[in-house]
Amino acid sequence: MSVADESIAVAGLVNSQKLACTSHLLTRKGAEIRVRVHSIPGRDGGQALIFGDIDRFRAPLVRIHSRCLYGDALHSDDCDCGPELDQAMDMIQRADAGVLLYLEQEGRGAGLEVKAKGLRVTQTEGRNTFDAYRTLGFEPDSREFDTAARFLTEQLGLHSVSLLTNNPDKVHALQRGDITVTAVPLITEPRSHWAREYMEAKRIHRGHRLPPYSLRRIGRRMEQTCFALGVVATTAAIYWGPRELAVLAFMTLAATAVAWHPARTSVRLRLRAWRRQLAQRPRHDPTSAV
Ligand SMILES: [Zn+2]
């Protein structure tokens, strides 16, 4: 083992002991996952939540999330922060391991009051969110992610991660911190026209890896058309087709509806947790019953 590897192993060991007293189960969407918590000191710090056993993965899932009171806690429809966090947590729960770094960077580092002023400028003057910040005399984005990168390497011993993000700034910050990054995009649907414009501004002005809204709209229209055709075909099969075909068409339509239903993630996570419990249950060994 090299000196560098040894230092990482020691850091990991110290960290494990520190974190052990915070270990507990968290229930989310009906499924449990073990979590440990650690504060991230320094500028742009926050909280680190380490889910499950990340040592099982060469490049574990990592989400670096900037605090957004409106999106995360109030479930505002006007930005994509809440849906991105939700999707990232779904992926971490499905993998049964991952890291969430929740950084105190409200309003892209400028605070909630500046963010509110920016929203007012956006809504009254029609400027995008970055121009609104400039109008107010602030940097469009004053966050830095170097603290997060140092935490990943120095505290968790991670030098390779699957980063759940569309933001190239986060990718570059981790790469500067000597971390190999595989970017995993988070594609969410805008829930209001404000969110749509916010996401478009991030794509156009900050290079976020998001599909143009026009392409998303075409995709959604195609989904809706396919579903409508499925309803028509099922109805026709029930009225005029043989019974077997009608049953098959109905089951296909029902499966499609279930696959799109908002509760599908919860159902999948519960099924996954149930399968995991079954797999971990000690098997009866007939030779030991003597
Ligand atoms: Zn937000």
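Quick notes on this one:
- Boolean, LEU186 is open to solvent by 70 Å² or more (accessible area, probe 1.4 Å) and among the hydrophobic types (A, V, I, L, M, F, W, C): no
- Residue ID - farthest from ASP131 (Cα to Cα), chosen from residues in segment 79-89 that are more than 8 Å from the ligand (Cβ to nearest atom) and either surrounded by fewer than 17 Cβ atoms within 10 Å (Cβ to Cβ) or not acidic (Asp, Glu) (or both): MET89
- Each residue in segment 15-56 was checked for being assigned to a loop (DSSP other than H, G, I, E, B), farther than 14 Å from ILE92 by Cα and among the basic types (Lys, Arg), and 1 of them qualify.
- Search result, residues across segment 42-53 that are touching a residue at least 60 places away in the same chain (Cβ under 8 Å) and either surrounded by fewer than 20 Cβ atoms within 10 Å (Cβ to Cβ) or within 14 Å of the ligand (Cβ to nearest atom) (or both): GLY42, ARG43, ASP44, GLY45
- Residue check, ILE92 open to solvent by less than 50 Å² (accessible area, probe 1.4 Å), away from the ligand (no atom under 14 Å from the Cβ), under 26 Å from THR22 (Cα atoms) and in a helix (DSSP H, G or I): yes
- Residue in segment 146-154 that is within 27 Å of HIS38 (Cα to Cα), touching a residue at least 24 places away in the same chain (Cβ under 8 Å), in the same structural domain as ARG191 (by TED's automatic domain parsing) and within 16 Å of the ligand (Cβ to nearest atom) present: no
- Conditions (1) in the same structural domain as PRO41 (by TED's automatic domain parsing); (2) within 10 Å of the ligand (Cβ to nearest atom); number of the one not met by LYS115: (1)
- Residue within segment 160-183 that is at pLDDT below 95, out of contact with any Gly (no Cβ under 6 Å at 6 or more places or on another chain) and open to solvent by 40 Å² or more (accessible area, probe 1.4 Å) present: no
- Scanning segment 40-89 for residues that are among the polar types (S, T, N, Q) and closer than 23 Å to ILE187 by Cβ yields SER66, SER76, GLN87.
- So HIS193, is it over 30 Å from ALA255 (Cα atoms) and surrounded by fewer than 15 Cβ atoms within 10 Å (Cβ to Cβ): yes
- Residues of segment 58-78 satisfying the condition of being charged (D, E, K, R) and open to solvent by 50 Å² or more (accessible area, probe 1.4 Å): ARG58, ARG67, ASP77, ASP78
- The residue that is most open to solvent (accessible area, probe 1.4 Å), counting only those in segment 95-109 that are among the hydrophobic types (A, V, I, L, M, F, W, C) and out of contact with any Gly (no Cβ under 7 Å at 6 or more places or on another chain), is ALA95.
Listed here are the residues, each with its yes/no results for (1) more than 16 Å from the ligand (Cβ to nearest atom); (2) at pLDDT 90 or above; (3) among the small types (Gly, Ala, Ser).
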{"site": "GLU6", "(1), (2), (3)": "yes, no, no"}
{"site": "ALA9", "(1), (2), (3)": "yes, no, yes"}
{"site": "LEU19", "(1), (2), (3)": "yes, no, no"}
{"site": "GLU32", "(1), (2), (3)": "yes, yes, no"}
{"site": "ALA59", "(1), (2), (3)": "yes, yes, yes"}
{"site": "ASP77", "(1), (2), (3)": "no, yes, no"}
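- Within segment 95-189, strands (runs of 3 or more DSSP E) holding 3 or more residues that are in contact with a His (Cβ under 9 Å, 6 or more places away or on another chain): 97-103
The values are calculated or read from the model by the stated rules, or taken from the named source; none is laboratory data. Fair warning: this is a prediction, and the values are worked out from it, not measured in the lab. Cβ sites come from the backbone with ideal geometry, for glycine too, and all protein chains shown count toward neighbours. Note: accessible area is taken over every heavy atom of the protein model, side chains too, but ligands, DNA and RNA are not part of it. Shrake-Rupley method; radii C 1.70, N 1.55, O 1.52, S 1.80 Å.
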